[in-house]
Amino acid sequence: METVAGTSPDRTRVGSRARVRAGQLLGGVDGRSWWVRRARTIIRELVADLGGLENTSAAKRAICRRIAVLEIELERLEHKFAMLPDDVAADPTDVDLYQRTSGGWRRLLETIGIERRPRDVTHQSLDEILAEDAHADD
């Protein structure tokens, strides 16, 4: 481990990780990368589901960050599976990783209290429901 310049010897950092500044997702990482932009989007959506920043504790925001990381990695695995030729099965190690990661992702969602809330569709026509769903995919 190396000591961070200008700090006491007991304040160290691992490898080359840089300090995270206010508003920065990860220290030393370009905030314009696809991965960081996707993580920010997921975190923003989760925090909104929890009632916004003013109603979300630091601990729940930290869990949202971990959920975002797992979500991105699950999406990468899903893409890998989707790109396989029809006659090629997924690597069992990847399937196992996907299953275990999905379980951790679900448990973190349960921890922060995200749950499915059914919407009332009793007063909507099928065309209205389909139009909403099509708009949500945009």
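Taken together, the values in this text are just the output of simple stated rules run on the coordinates, not laboratory data. From a predicted model like this one, the values you see are computed outputs, not experimental measurements. FYI the Cβ positions are ideal-geometry reconstructions off the backbone, even for glycines, and counts take in every protein chain you see.
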What ³J(HN,Hα) values, in whole Hz, does the Karplus curve 6.51 cos²θ - 1.76 cosθ + 1.60 give for the stretch 95-108 when θ = phi - 60°, with x put for Gly and Pro?
5, 5, 4, 4, 5, 5, 5, 4, x, x, 4, 4, 5, 5
Grab the Cα-Cα distance for residue 76 and residue 136, subtract it from 0.36 nm times how many residues apart they are, and report the gain in nm with one decimal.
19.4 nm
Would you please name the trypsin sites (Lys or Arg not before Pro) within the stretch 31-138 that are DSSP coil residues with at most 14 other C-beta atoms within 10 Å of their C-beta?
32, 116, 119
